Amino acid sequence: MKYKKNDEVIVTIGKDKGKKGKIEKVIPKKDQVIVAGINISKRHKKSQGGQGNTSGIVDLIKPMKISKVQLICPKCKLPTRVGYRIDGKEKLRICRKCKDTI
């Protein structure tokens with residue numbers, strides 16, 4: 001998987017196009033990521049009875065497909081694809097634009 005937790009990404013497709021955020025969670029089996037503050041939907045919650053359970057409208061952060069986001073290089077601050085370079089026994093992620101390690 002090319003994306004990891006705490007990577008900064010930009011949304012390229014959808015209602016949140018152009019917004020930036022950090023990845024909170026990666027779901028590799030479904031090829032999805034959860035980005036902080038992006039892809040928020042409203043959910044009407046019904047009261048479940050008892051004290052302290054209130055009804056109302058709740059904001060939910062939904063996962064989105066990996067193909068809809070693009071990594072932002074920490075050095076050149078541009079959206080880029082991820083490449084790999086093998087250095088000894090390590091496999092390093094690199095920026096395809098500035099060739100610096102991520």
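Read-outs: derived from the displayed coordinates by stated rules, not from any lab. What you see is a predicted model; the values in this text were computed from it and never measured. Cβ: placed from backbone, ideal geometry, glycine included. Neighbour counts: every protein chain shown.
Some points to look at:
- Residue match in the stretch 33-41 (condition: touching a helix residue (DSSP H, G or I) at 6+ places or on another chain (Cβ under 6 Å) and of a type outside the set (A, V, I, L, M)): no
- When the residues of the stretch 1-17 are filtered to those that are among the hydrophobic types (A, V, I, L, M, F, W, C) and under 20 Å from LYS75 (Cβ atoms), the one that is surrounded by the fewest Cβ atoms within 10 Å (Cβ to Cβ) is ILE10.
- The set of residues in the stretch 62-82 that are farther than 14 Å from ASP16 by Cα, in a strand (DSSP E or B) and among the hydrophobic types (A, V, I, L, M, F, W, C) comprises LEU71, ILE72, VAL82.
Here's the yes/no breakdown for (1) at negative phi; (2) assigned to a strand (DSSP E or B); (3) surrounded by fewer than 14 Cβ atoms within 10 Å (Cβ to Cβ):
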position: SER47; (1), (2), (3): yes, no, yes
position: LEU60; (1), (2), (3): yes, yes, yes
position: TYR84; (1), (2), (3): yes, yes, yes
position: LYS97; (1), (2), (3): yes, no, no
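- Scanning the stretch 18-33 finds no residues that are outside any strand (DSSP E or B), within 27 Å of CYS73 (Cβ to Cβ) and of a type in the set (A, V, I, L, M).
- Verdict on ILE72 being touching a residue at least 12 places away in the same chain (Cβ under 8 Å), out of contact with any Pro (no Cβ under 9 Å at 6 or more places or on another chain) and on the phi < 0 side of the Ramachandran plot: no
- LYS91 vs. criteria assigned to a loop (DSSP other than H, G, I, E, B) and not hydrophobic (A, V, I, L, M, F, W, C): no
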